[in-house]
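To keep things clear, I will list the structure first and then write my remarks on it.
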Amino acid sequence: ESPGYRNFWKYDLDEGLPEDCGEYDLICCCEGIEHVGSPLLLLRRFHRALKAGGSLIVTTPNVWFPQSRMQYAFRGFFPSFPPLADKVIPGSHMHITPWTYPQLYVFFKLAGFEPPRLIEEPLSRAKHFYERILGLPAKWYCRRKVRKAKTEEEREFWTQAGSRQSLLSRH
């Protein structure tokens, strides 16, 4: 047990991490970034608080999976991101910023990180057969963009964007 890992505090993440939080080998933000109104500020503070070679792990609902896109097309809102009319309560559990891989990519780059890599997790597979069918046009589009990519970073972006984790995963 390292004494450097015994620090716990309650802090409003819309303000980013505290200036005096120290440096860490790993920062893990599980199912939190979608609740933050200032995600770029938070990511920049994460970047500052990581030691050289440190890692950031972020999990968040993925609004790109087919069932989510269908719900958005019919209702105008993503699952778990309801209209918050008369429900905005600062400090409460509100999903306010829906995320997709392309958005994470831009925010990570703006915060000074390398492009994010998506990982395999238990919900990276389609839950229903129709989701695989509905995900095919996006998969084909991304494959075409991979073939036409002019740089390695662009090719990697479209590879990640067209991955099962990006197109079918719920997180």
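The values are calculated or read from the model by the stated rules, or taken from the named source; none is laboratory data. All figures in this text were calculated on a predicted structure; none of them were measured in a lab. Using ideal geometry, Cβ is built from the backbone for each residue, glycine included, and neighbour counts are taken over all protein chains shown. We work out accessible area using only protein heavy atoms, side chains counted, and drop any ligands, DNA or RNA first. Shrake-Rupley method; radii C 1.70, N 1.55, O 1.52, S 1.80 Å.
Can you pull out the residues in region 44-61 that are in contact with a Leu (Cβ under 6 Å, 6 or more places away or on another chain), closer than 22 Å to Thr97 by Cα and open to solvent by 40 Å² or more (accessible area, probe 1.4 Å)?
Matches in region 44-61: Arg45 only.
So which residues in region 18-39 are open to solvent by less than 40 Å² (accessible area, probe 1.4 Å), farther than 14 Å from Thr59 by Cβ and at pLDDT 85 or above, if there are any at all?
Hit for region 18-39 is Tyr24, nothing else.
Please enumerate the residues belonging to region 115-131 that are at pLDDT 85 or above and either closer than 18 Å to Ser55 by Cβ or open to solvent by less than 60 Å² (accessible area, probe 1.4 Å) (or both).
Of everything in region 115-131, those that are at pLDDT 85 or above and either closer than 18 Å to Ser55 by Cβ or open to solvent by less than 60 Å² (accessible area, probe 1.4 Å) (or both) turn out to be Pro115, Pro116, Arg117, Leu118, Ile119, Glu131.
Which numbered condition in (1) part of a loop (DSSP other than H, G, I, E, B); (2) surrounded by 14 or more Cβ atoms within 10 Å (Cβ to Cβ); (3) among the hydrophobic types (A, V, I, L, M, F, W, C) is the only one that Leu134 fails?
Looking at each condition in turn, Leu134 falls short on (1).
Check region 123-141 and report whether any residue there is of a type in the set (Asp, Glu), under 27 Å from Tyr24 (Cβ atoms) and in contact (Cβ under 8 Å) with a residue 40 or more places away in the chain. Steps first, answer last, please.
To start, the set of residues in region 123-141 that are of a type in the set (Asp, Glu) comprises 131.
Subset that is under 27 Å from Tyr24 (Cβ atoms): none.
The answer is no, given that none of the residues of region 123-141 is of a type in the set (Asp, Glu), under 27 Å from Tyr24 (Cβ atoms) and in contact (Cβ under 8 Å) with a residue 40 or more places away in the chain.
Restricting the search to region 80-114, which residues are within 15 Å of the chain's Cα centre (by Cα) and open to solvent by less than 40 Å² (accessible area, probe 1.4 Å)?
Selection gives Phe81, His95, Thr97, Pro98, Trp99, Thr100, Tyr101, Pro102, Leu104, Phe108, Ala111, Phe113.
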